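A.B. asks: Have a look at this one.
The values are calculated or read from the model by the stated rules, or taken from the named source; none is laboratory data. For clarity, every value in this text was computed on a predicted model and none was experimentally measured. Neighbour counts run over all protein chains shown; Cβ positions are idealised from the backbone, glycine included.
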Amino acid sequence: MVNYIWLGMIVFSILVAGADGRIEVITRAALEGANNAVKTSLNLIAIIAFWLGIMRLAEAAGLVRALARLVRPLTRLLFPGVPKEHPALGAVIMNLSANILGLGNAATPMGLIAMQELQKLNRGDPKTATDAMCTFLALNTSCLTLIPSTIIGIRLMHNSADPAAIVGTTIFATACGMSVAILVDRVMRFIYHLRGR
């Protein structure tokens, strides 16, 4: 649906520019947009590569397992159906760690691995998400962000006077979002299981 909306906006803008006799504006805007997109992407690659490297070092050094042990009480509370030493918990923790650092792109591969591992524990219909999968999805989409590094990088690229000014509001907003997501997940799980009885 979104593709159709974008296509409609592009076609409409071309028609309006053509009717106004200023079709060169479309060409100039397209070229400038593509140029800015390439510059932004190349600059963000450095930020993402740096944090991905840090995450790999943490994984190789055993920090992920240490972190998993540290947050085990929380993961047991949020994912009671997942065995203690299951690889899904490590992938979930890596995904949430990347999200906490504001690296949504780096979090995606670990999120996919976490879902694959959680699917292995699915004893019901493989097309139906388990409680753990729903909880993980809620956490993944609303995760607390302590260091919005990608946004700070973008603000730096565009010469912001204070690129890190958003840190406080980001922490507050994402903490509220994550709290609501966990609460709604719990309530919906309770309602679902209540109806199942």
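A.B. asks: Taking the criterion of being outside any helix (DSSP H, G or I), out of contact with any Phe, Trp or Tyr (no Cβ under 6 Å at 6 or more places or on another chain) and at pLDDT 80 or above, would at least one residue in segment 64-80 satisfy it?
C.D. replies: Yes, because at least one residue in segment 64-80 is outside any helix (DSSP H, G or I), out of contact with any Phe, Trp or Tyr (no Cβ under 6 Å at 6 or more places or on another chain) and at pLDDT 80 or above.
Quick grid of which residues meet (1) closer than 29 Å to Asn43 by Cα; (2) surrounded by 16 or more Cβ atoms within 10 Å (Cβ to Cβ); (3) free of Cβ contacts under 8 Å to residues at least 24 places away in the same chain; (4) in contact with a Lys or Arg (Cβ under 9 Å, 6 or more places away or on another chain):
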| site | (1), (2), (3), (4) |
| --- | --- |
| His86 | no, yes, no, yes |
| Gly90 | no, yes, no, yes |
| Leu101 | yes, yes, no, no |
| Pro126 | no, no, yes, no |
| Asp131 | no, yes, no, yes |
| Phe136 | no, yes, no, no |
| Cys143 | yes, yes, no, no |
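A.B. asks: Quick check: is even one residue across segment 65-73 loosely packed, with under 15 Cβ neighbours inside 10 Å, under 13 Å from the mean Cα position of the chain (by Cα) and under 28 Å from Arg189 (Cα atoms)?
C.D. replies: No, because not a single residue in segment 65-73 is loosely packed, with under 15 Cβ neighbours inside 10 Å, under 13 Å from the mean Cα position of the chain (by Cα) and under 28 Å from Arg189 (Cα atoms).
A.B. asks: Give the residue, chosen from Ala29, Ala19, that is surrounded by 10 or more Cβ atoms within 10 Å (Cβ to Cβ) and either without any contact (Cβ under 8 Å) to a residue 24 or more places away in the chain or out of contact with any strand residue (DSSP E or B) (no Cβ under 6 Å at 6 or more places or on another chain) (or both).
C.D. replies: Ala29
A.B. asks: Looking only at residues that are surrounded by fewer than 19 Cβ atoms within 10 Å (Cβ to Cβ) and without any contact (Cβ under 8 Å) to a residue 24 or more places away in the chain in segment 103-112, which one is farthest from Leu146 (Cα to Cα)?
C.D. replies: Checked segment 103-112; the qualifying residue farthest from Leu146 (Cα to Cα) is Leu112.
A.B. asks: Collect the residues in segment 154-197 that are within 30 Å of Thr40 (Cα to Cα), out of contact with any Pro (no Cβ under 8 Å at 6 or more places or on another chain) and either β-branched (Val, Ile, Thr) or touching a residue at least 24 places away in the same chain (Cβ under 8 Å) (or both), keeping them in residue-number order.
C.D. replies: Listed by number, the residues that qualify are Ile154, Met157, Thr169, Ile171, Thr174, Ala175, Gly177, Met178.
A.B. asks: Among the residues of segment 141-194, write down those that are touching a helix residue (DSSP H, G or I) at 6+ places or on another chain (Cβ under 9 Å) and among the polar types (S, T, N, Q).
C.D. replies: Thr141, Ser142, Thr145, Ser149, Thr150, Ser160, Thr170, Thr174, Ser179
A.B. asks: Condition first: under 13 Å from Asn140 (Cα atoms) and either hydroxyl-bearing (Ser, Thr, Tyr) or not in a helix (DSSP H, G or I) (or both). Now tell me which residues in segment 164-184 satisfy that.
C.D. replies: If the condition is that a residue be under 13 Å from Asn140 (Cα atoms) and either hydroxyl-bearing (Ser, Thr, Tyr) or not in a helix (DSSP H, G or I) (or both), then Thr174, Ser179 are the ones that fit.
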